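K.L.:
Have a look at the structure that comes next, please.
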Amino acid sequence: MKFETFFKLISYAVVVCGFLSLLVSGGIGFLFGVGFLGLVAAAWTLENSRWQLSDRWGTVLVVLAIPAFYLVWKFRLASVGVGETALAGMLSRFILGLSLIKLFQKKRDRDWLFLYLMAFFELLLSAALSVSPLYLAILVFYLLITAIAVIAFEIGKSARSLPGETTESGQFSERLDKTPFRRLPTTAVLLIVAVIVFAAPIFFLLPRVGGAGFGANQNGLTGMTGFSDRVRLGEIGRIQQGDETVMRVKVESGDQFVTGLRWRGIALDQFDNKSWRQSRPRKQTFTRSERETFLVGSRFSKPKLVFQTFYMEPMDTSVLFALPHPILVQGSFLEIRKDEDDGLTAVRTGLERINYSVQSDQSVPPPEQLRNDGVAYPADEFKKYLQLPEDLDPRIAALAFEVMGNRSNRYDQAKAVEEFLQTRFGYTLEMKASGDQPVADFLFNVKEGHCEYFSSAMVLMLRTQGIAARVVNGFQQGEYNETAGVYVVKQKDAHSWVEAYFPKEKVWVTFDPTPFAGLNENDGAAAGLLAKLGNYLEALETFWIQYFVAYDNQEQKSLFRSMKDGFNDFQSAVSDGVADVQLRIQQWWAEVRGDAGVQASLFAIGYGAVYILAGGALLLIVTYGFRKLRKLDLAAIVRKWFGRKRQIGIVEFYERMVKILSGRGLKRDPFQTPLEFASAVGIPEAMAITEKYNRVRFGGHDLSPAEADEVEDLLSRLDRPDDSA
């Protein structure tokens with residue numbers, strides 16, 4: 001392959017890398033991508049032909065492209081998404097359009113540089129759009145290809161500038177074609193590895209703020225509702241029909257695997273037969289401490305603390321999800337607000353990834369204790385949790401009374417309603433219940449629905465019997481990925497459940513009347529090869545998000561903590577290993593002494609002798625290998641290399657002498673040689689040092705260690721104040 005062909009091929013590869021980064025990030029669609037690749041192939045075919053655009057026409061088209069794309073954007077002549085997503089899509093098409101113009105043009109050096117610059121902008125734009133690990137693979141490939149292209153560009157440019165080169169025709173000389181340019185990939189790989197080796201520690205030592213870019217899943221999450229202060233029946237069900245990832249949650253607790261978790265979002269207390277809302281959305285504001293923590297609650301008397309870390313995809317809500325009863329929140333927020341229903345919110349934009357940590361107290365009084373809770377509710381404070389629509393179907397109260405039967409305490413009454421709804425009704429995502437009172441239609445006619453209808457029915461049934469209750473919207477725990485150690489929560493995990501209040505214990509207790517068919521809980525075990533492969537890919541994406549996209553102070557501390565734990569584990573393993581060896585030696589010596597009988601003693605002596613012979617053989621092999629290495633004279637090579645460095649350091653002793661004498665007012669004139677200067681000074685130490693300097697500097701001799709020590713002694717004597725000429 002000629003150098004010119006190689007250079008163009010590698011330069012086209014840079015352009016394709018930039019294009020692929022936009023494709024995997026969602027900046028452009030599949031059909032647009034196929035069309036772009038077709039045009040790139042056409043541009044390659046037309047290289048060095050008369051059909052290429054001239055430099056003048058290429059410049060004209062670039063200038064005209066700017067107002068053309070602006071008009072397309074201004075008047076929405078092409079569908080590229082909405083909001084910031086549309087802007088990113090239009091920028092992607094604009095940059096790719098400029099690249100195509102240059103590809104079809106007769107190219108000079110500046111045009112290739114323009115293409116490299118466009119590819120770089122495409123990588124930057126993609127970084128704001130994607131969290132996919134595919135982007136990481138493309139980025140590494142881009143760095144490799146671009147390094148090769150830039151080196152080849154400089155080689156070609158330098159070769160064309162040599163005498164006899166034809167720069168105007170653009171042809172490379174035969175001498176350039178014979179250069180070993182095929183070694184460029186190896187050189188580029190070494191450069192990239194060196195950059196990674198030096199940059200990786202800096203990357204992990206200097207944390208960034210999480211929440212980069214516009215994000216993935218833009219079309220699926222930015223329009224998601226169901227977590228505001230007013231929610232219509234059916235909105236959670238619509239969310240459940242999607243399969244996009246909403247968040248990933250890492251849980252740290254005493255249990256290795258926790259089931260039945262619910263990521264609490266927002267609680268609602270007022271119902272008008274068709275929608276739920278918050279009656280008093282007043283919120284208490286919490287400011288951030290110096291450690292980026294927010295104290296939002298208090299512990300119970302016997303706390304059961306669970307620590308959670310959330311990596312949230314862009315969502316059109318300000319809600320912060322957490323396990324019930326959060327105590328401490330840690331994150332890069334300016335402030336956090338908590339409403340009267342224990343819901344947490346923070347100011348954020350819809351197209352921003354965030355990560356934060358929460359410490360929740362999961363302790364709940366035992367059933368026996370809850371059954372004894374017969375304290376009356378404070379009239380004013382809990383009035384809103386007993387609210388019922390004025391025209392509520394009276395059959396709901398009658399049904400609740402019938403289901404509760406002769407149960408005399410709130411806990412057993414709530415469990416009876418929960419079990420009744422779980423076992424007597426069917427689960428479906430179809431919106432079958434309708435009319436002016438869809439909950440009544442669900443209970444007495446359709447008898448099928450999704451979680452919103454079950455939770456709404458239970459709250460209404462409890463309230464008709466004087467039990468304070470509220471609806472809570474959030475997510476189920478999701479699928480546990482053992483490889484990544486996180487729960488992967490998707491839209492289909494959206495859920496609604498019930499909380500009932502027990503005034504004596506001052507605690508809200510969770511009840512979930514949804515049938516088990518509507519609960520997406522799993523045991524965390526992946527079934528089949530494809531499922532395991534999916535787990536590995538999800539783990540890779542989680543690692544990419546955790547340590548690259550959302551890496552901040554929290555992750556930095558976690559990483560250092562893991563490194564410290566790893567070192568402690570290694571130290572413990574070494575200590576245990578040494579103790580085990582000592583114990584084995586003691587046992588062996590006891591057997592040799594005959595503590596276990598003559599036969600055991602002989603056997604111990606025998607295998608002891610075998611170990612000694614094996615150790616001796618190993619020592620002989622190591623000694624033989626060491627002698628072979630000595631014959632290679634590697635030690636001499638190393639000594640020579642270090643000796644050369646020592647020589648460089650020793651030659652500096654003359655400069656030290658000149659500096660000392662200058663401090664005493666004896667300065668060397670520019671025209672004086674070292675020996676002339678020493679003679680003019682007339683100090684014996686200066687003369688001796690100068691003679692050794694001349695022998696080392698100009699005679700090619702090395703100072704022996706004794707001579708080096710002598711020089712140091714002479715310099716020390718020369719530096720004493722009482723020594724003078």
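The values are calculated or read from the model by the stated rules, or taken from the named source; none is laboratory data. Just so it is clear, the structure is predicted and the values come from calculations on it, not from any experiment. Backbone-built Cβ (ideal geometry, glycine too); neighbour counts: all protein chains shown. All accessible areas refer to the heavy atoms of the entire protein, side chains included, with ligands and DNA or RNA removed. Shrake-Rupley method; radii C 1.70, N 1.55, O 1.52, S 1.80 Å.
K.L.:
Mind telling me which of the residues Gln359, Gln330 ends up being part of a strand (DSSP E or B), open to solvent by less than 50 Å² (accessible area, probe 1.4 Å) and touching a Lys or Arg at 6+ places or on another chain (Cβ under 8 Å)?
P.N.:
Gln330
K.L.:
Follow-up. Within the range 280-321, can you find the residues that are under 25 Å from the mean Cα position of the chain (by Cα), in a strand (DSSP E or B) and in contact (Cβ under 8 Å) with a residue 40 or more places away in the chain? Spell out how you get there, then give the answer.
P.N.:
Within the range 280-321, the subset under 25 Å from the mean Cα position of the chain (by Cα) is 288-294, 306-321.
Keeping just the survivors that are in a strand (DSSP E or B) gives 293-294, 306-312, 319-320.
Selection gives Phe294, Val306, Phe307, Gln308, Thr309, Phe310, Tyr311, Met312, Val319.
K.L.:
Out of the range 639-672, which residues are more than 57 Å from the chain's Cα centre (by Cα), open to solvent by 100 Å² or more (accessible area, probe 1.4 Å) and either at pLDDT below 85 or not charged (D, E, K, R) (or both)?
P.N.:
Pro670, Phe671
K.L.:
Quick check on my filter: what residues within the range 366-401 are open to solvent by 30 Å² or more (accessible area, probe 1.4 Å), assigned to a loop (DSSP other than H, G, I, E, B) and out of contact with any Leu (no Cβ under 9 Å at 6 or more places or on another chain)?
P.N.:
Those that are open to solvent by 30 Å² or more (accessible area, probe 1.4 Å), assigned to a loop (DSSP other than H, G, I, E, B) and out of contact with any Leu (no Cβ under 9 Å at 6 or more places or on another chain): Pro366, Asn372, Gly374, Val375, Ala376, Pro378, Ala379, Asp380, Glu381, Gln387, Glu390, Asp391.
K.L.:
Hey, does the range 33-41 have a residue that's under 30 Å from the mean Cα position of the chain (by Cα) and part of a helix (DSSP H, G or I)?
P.N.:
To start, the set of residues in the range 33-41 that are under 30 Å from the mean Cα position of the chain (by Cα) comprises 33.
Checking which are part of a helix (DSSP H, G or I) leaves us with 33.
Yes, there is a match, as at least one residue in the range 33-41 is under 30 Å from the mean Cα position of the chain (by Cα) and part of a helix (DSSP H, G or I).
K.L.:
Still on this model: Would you point out which residue out of Ile66, Ile28, Ile10 is part of a loop (DSSP other than H, G, I, E, B) and β-branched (Val, Ile, Thr)? Write out each step before concluding.
P.N.:
Details: Ile66 fails: part of a loop (DSSP other than H, G, I, E, B); Ile10 fails: part of a loop (DSSP other than H, G, I, E, B).
Answer to the selection: Ile28.
K.L.:
If you don't mind, there's one more thing I want to ask. When both residues are 6+ apart or on different chains and their Cβ atoms are under 6 Å apart, which pairs have a first residue that lies in the range 228-246 and is under 14 Å from Ser455 (Cα atoms), and a second that is of a type in the set (Phe, Trp, Tyr)?
P.N.:
The qualifying pairs are Val231/Trp276.
K.L.:
Name the residues in the range 552-593 that are open to solvent by 100 Å² or more (accessible area, probe 1.4 Å) and modelled with pLDDT under 75, would you?
P.N.:
Lys557, Arg561, Met563, Lys564, Phe567
K.L.:
If you check every pair at least six apart or on different chains, which have Cβ atoms under 9 Å apart with a residue in the range 404-422 that is within 19 Å of Pro365 (Cα to Cα) and touching a residue at least 12 places away in the same chain (Cβ under 8 Å) first and a residue that is open to solvent by less than 40 Å² (accessible area, probe 1.4 Å) and among the aromatic types (Phe, Trp, Tyr) second?
P.N.:
Qualifying pairs under 9 Å: Arg410/Tyr501; Arg410/Phe502; Tyr411/Phe502; Ala414/Phe511; Lys415/Phe511; Glu418/Phe511.
K.L.:
A follow-up question, please. Looking at the range 402-416 only, could you name the residues that are acidic (Asp, Glu) and either crowded, with 16+ Cβ neighbours inside 10 Å or closer than 19 Å to Glu499 by Cα (or both)?
P.N.:
Within the range 402-416, Asp412 is the sole residue that qualifies.
K.L.:
Mind listing whichever residues of the range 692-712 are modelled with pLDDT of 85 or more and either under 58 Å from the mean Cα position of the chain (by Cα) or not in a helix (DSSP H, G or I) (or both)?
P.N.:
Once the filter is applied, which keeps residues that are modelled with pLDDT of 85 or more and either under 58 Å from the mean Cα position of the chain (by Cα) or not in a helix (DSSP H, G or I) (or both), the range 692-712 yields Tyr693, Val711, Glu712.
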